Amino acid sequence: MSSSTEKSSSPWLNLPRLILSNHAQEQIAAVLRKRKLDYYLYKLLPEILQSTSFLTANGSLYIAFFCILRRILGKFYFWTPGFGAALPASYMAILIERKSRRGLLTIYMANLATETLFRMGVSRGKITPLRHGEVILFCITAALFMFFFRCKDGLKGFTFSALKFMVGKEEIPTHSFAPEAVFPRKERKIKYCEEITQRMNIIAVTKKLVDKVCKCGPRHRCCKHYEDNCISYCIKGFIRMFSVGYLIQCCLRIPSAFRQLFTKPSRLLSLFYNKENFQLGAFLGSFVSIYKGTSCLLRWVRNLDDELHALIAGSLAGMSMMFYKSTTISMYLASKLVEAMYFKGIEAGKVPYFPHADSIIYAIATAICFQAAVMEVQNLRPSYWKFLLRLTKGRFAVMNRKVLNVFGTEASMHFKDFIPKLDPRYTVALPEIPVERPWK
């Protein structure tokens, strides 16, 4: 996998932040649905308290087991400050969380732990980073996801809905619109629209031009995009998803832009004219257009519509990540793919079902990340380290990591000037005198 830096403006993939803000989303959804007071008192409020208790318990139990292991073993070992203390704490904490949230937390933490182990292997010289590794991983993942999307009963739930939103229902083989049934309705709709737009010359001319471009041109008989030819079908897909990606990135920048509204009003222009806005738009737009274009080309070449086309089209569409390289996106989607294949294996009776597997995986993955947070912060994803600092109000950074250097992980690499104030009565050796920082 590539060792390139992660996109700093990808908060939509920072799941801890999303999990914490999900309560606000639930409240907004409840207001829009005009829920009654009983829903807020007996359902929403207990769920918020339950998730808050989960985070509180995870941190509190970690500190408790940190001290318990030190008392039982008499000293610290390489694995006790991080992995040893976080493993039982995380397992006990995840049991407090709602079952509907455990899967999301498990996928995120498994993804993060895998990346952390990869970084550890690179720093130790055991693994050689592969150039554009995240792009290659995304190509493989996209190919398999699109194949399952094209297969009957291949994908279900949110994943199927998300892919259907991106590439459209025209790419689903089971799409049952017959041409002879569609064209009369479309012709009546177009005729009605033309009668309305005749009064507005500009709109009428634009509509006629678009219709001419869309209807004039080749379209294979196996293609289900009845209104457009294959070229305009791909162009429309690019424009649509480019707009979606651009708007997503703009919306994510709105909170920070409003914070600077009064101090630096000129920064508001960066909300719309930012390079990463266009990069995300180009990523999503090119993914959809390449997939649709390749699918149409394969229909022309083979003269049939086959699910296997999705493997080729999906792998080529994965090259679109060159516009927006993100290890987080690649690994998260790969984790979701493994999860989907695992559950399909259970349904087919070929893979055994392990009860409480999500809780066990979450505990192990979180323990790995805490081990890195204590022993080698440089190998932990920066966004997760910032999340830990925000969650603990900076207390995770006040460990005396200089004494952990004996384990050979360069634990104090980012804390070289920090020496905590220690009480000599509770230390086995005289503590160092804290060095006053020049910026204080």
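The values are calculated or read from the model by the stated rules, or taken from the named source; none is laboratory data. Model, not experiment: these values are computed from the prediction. Cβ: placed from backbone, ideal geometry, glycine included. Neighbour counts: every protein chain shown. Ligands, DNA and RNA are stripped out before the accessible areas are found, and what is left, the full protein with its side chains, is counted by its heavy atoms. Shrake-Rupley method; radii C 1.70, N 1.55, O 1.52, S 1.80 Å.
A few comments on the model shown:
- Residue among Pro88, Pro81 that alone is in a helix (DSSP H, G or I), open to solvent by less than 30 Å² (accessible area, probe 1.4 Å) and either touching a helix residue (DSSP H, G or I) at 6+ places or on another chain (Cβ under 8 Å) or not β-branched (Val, Ile, Thr) (or both): Pro81
- Hey, Lys224 assigned to a loop (DSSP other than H, G, I, E, B), modelled with pLDDT of 55 or more and not β-branched (Val, Ile, Thr) or not: yes
- Checked against the criterion of being open to solvent by 60 Å² or more (accessible area, probe 1.4 Å) and of a type in the set (A, V, I, L, M, F, W, C), the candidates Leu95, Leu112 yield just one match: Leu95.
- Top-ranked residue of segment 230-273 - restricted to ones that are over 17 Å from Phe323 (Cα atoms), out of contact with any Leu (no Cβ under 9 Å at 6 or more places or on another chain) and outside any helix (DSSP H, G or I), ranked as modelled with the highest pLDDT: Phe272
- Members of segment 274-316 found to be under 22 Å from the mean Cα position of the chain (by Cα) and outside any helix (DSSP H, G or I), listed by number: Asn274
- Test: Val338 is under 21 Å from Arg119 (Cβ atoms) and either buried (at least 21 other Cβ atoms within 10 Å of the Cβ) or hydroxyl-bearing (Ser, Thr, Tyr) (or both): no
Let's see how each residue does on (1) open to solvent by 70 Å² or more (accessible area, probe 1.4 Å); (2) closer than 28 Å to Tyr91 by Cα; (3) free of Cβ contacts under 8 Å to residues at least 24 places away in the same chain:
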{"site": "Ile360", "(1), (2), (3)": "yes, yes, no"}
{"site": "Ala363", "(1), (2), (3)": "no, yes, no"}
{"site": "Cys369", "(1), (2), (3)": "no, yes, no"}
{"site": "Ala373", "(1), (2), (3)": "no, yes, no"}
{"site": "Tyr384", "(1), (2), (3)": "no, yes, no"}
{"site": "Arg390", "(1), (2), (3)": "yes, yes, yes"}
{"site": "Arg395", "(1), (2), (3)": "yes, yes, yes"}
{"site": "Ile419", "(1), (2), (3)": "no, no, yes"}
{"site": "Tyr426", "(1), (2), (3)": "yes, no, yes"}
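- Close pairs (7 angstrom Cβ cut-off, 6 or more residues apart or separate chains): free of Cβ contacts under 8 Å to residues at least 24 places away in the same chain in segment 73-95, assigned to a helix (DSSP H, G or I) and open to solvent by less than 10 Å² (accessible area, probe 1.4 Å) anywhere: Leu73/Thr80
- Test result for Phe354, assigned to a loop (DSSP other than H, G, I, E, B), under 30 Å from Leu380 (Cα atoms) and of a type in the set (Phe, Trp, Tyr): yes
- Within the set Arg131, Arg119, the sole residue that is touching a residue at least 40 places away in the same chain (Cβ under 8 Å), assigned to a loop (DSSP other than H, G, I, E, B), open to solvent by 40 Å² or more (accessible area, probe 1.4 Å) and not acidic (Asp, Glu) turns out to be Arg131.
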